[in-house]
Amino acid sequence: MKELADIQNQKDDRNISIDRVGVKSLRFPVTVRDKANSTQHTVATVALAVDLPHHYKGTHMSRFMEALNAHGPVLDIRSIAGIPTELLRRLDARKAHVHFQFPFFLSKDAPITGAKGLMDYEVIFEVNAEGSEIDFIVTVKVPVTTLCPCSREISDRGAHNQRGVVTYSVRSIEPIWIEDLVELVEKCASCELYSLLKRPDEKHVTETAYDRPVFVEDLVRNVAARSRAQENIQWFRVEAENFESIHNHNAYAVIESSSA
């Protein structure tokens, strides 16, 4: 059989290295660790990349898929950390980047009636490797309710409230549960969200939000304060965005811890 040419390994004379090259928008079934049920099945959107030295013409795209499939569908901190290491070996690279984004579902009981419903949260596992150094960041996107303190103070009847999304990223010393990150954020808002509410529940969450007004600034400060109280959290970044109900714009705030 005639030997096939390896074009990717040919020399490139433009003397320009590439920071990241690889595959993205790949959908892949995964099994994620779950506190309540041990595991849950979901589908991740995956991106895999490495750096490319200036003297190589291209990378070998098939090797990204080989590395991903070699680690199987069960996704936790230990298993996902092996993927960038495998990319470094297979592609003779100095840096590797792995990005998994997937919906994560939690069963939540309505606060008064106990009616059960499923809430979905967007989760991102991001792993970067350089040599033997592995950097792992977990991100959760948590929808919440916020009620405006100013509106409540100046209005004779009611106060405007809105849904917001908190994007919360952490580096931790030990593995940290997705559920614990979600809970930390929800406790910092005016009220958490539910997928199913009966009338007694709706009354409860409306009044809870009214009793716990927070600006977007309060929300990120609340999350930051709770994060700093957790010895397991080495670094965090919290961004809150409110989808304002009486303005034609969104309000947002960001805090990132100084230690990386």
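Readers should treat all values here as calculations from the given coordinates under stated rules, not as data from a laboratory. Computed from a predicted structure; not experimentally measured. Note: ideal-geometry Cβ built from the backbone for every residue, glycine included; neighbour counts use all protein chains shown.
Mind putting a number on the dipole of the chain about its Cα centre? Charges go on the C-beta only, +1 for Lys and Arg and -1 for Asp and Glu, and I need it in Debye to the nearest 20.
The dipole of the chain has a size of about 440 debye.
Which value in Å does the Kirkwood hydrodynamic radius of region 165-231 take, with 1/r averaged over all unlike C-alpha pairs and then inverted?
Result for region 165-231 stands at 13.3 Å.
Using only the Cα atoms of region 19-256, what semi-axes does the equivalent ellipsoid have when each is the square root of 5 times a gyration tensor eigenvalue? Give whole Å, largest first.
After diagonalising the Cα gyration tensor, the semi-axes are 39, 19, 15 Å.
I want to check the label-to-label distance for R152 and R212. Put each point 7 Å from Cα in the C-beta direction and report it in nm to one decimal.
Roughly 1.1 nm, to one decimal.
Taking loop as defined by DSSP and a crowding limit of 15 other beta carbons within 10 Å, which chymotrypsin sites (Phe, Trp or Tyr not before Pro) in region 183-260 fit? Intermediate results must be reported in sequence, preceding the final value.
Details: sites: Y194, Y210, F215, W235, F236, F243, Y252; in loops: Y194, F215, F243.
In loop regions of region 183-260 (DSSP not H, G, I, E or B), the sparsely surrounded chymotrypsin sites (Phe, Trp or Tyr not before Pro) are F243.
Return the FRET efficiency for the residue pair R78, I246: r is the Cβ-Cβ distance, R0 is 35 Å, and the value is rounded to the nearest 0.05.
0.15
So for region 130-260, what percent of the C-alpha to C-alpha distances run longer than 27 Å?
25 percent
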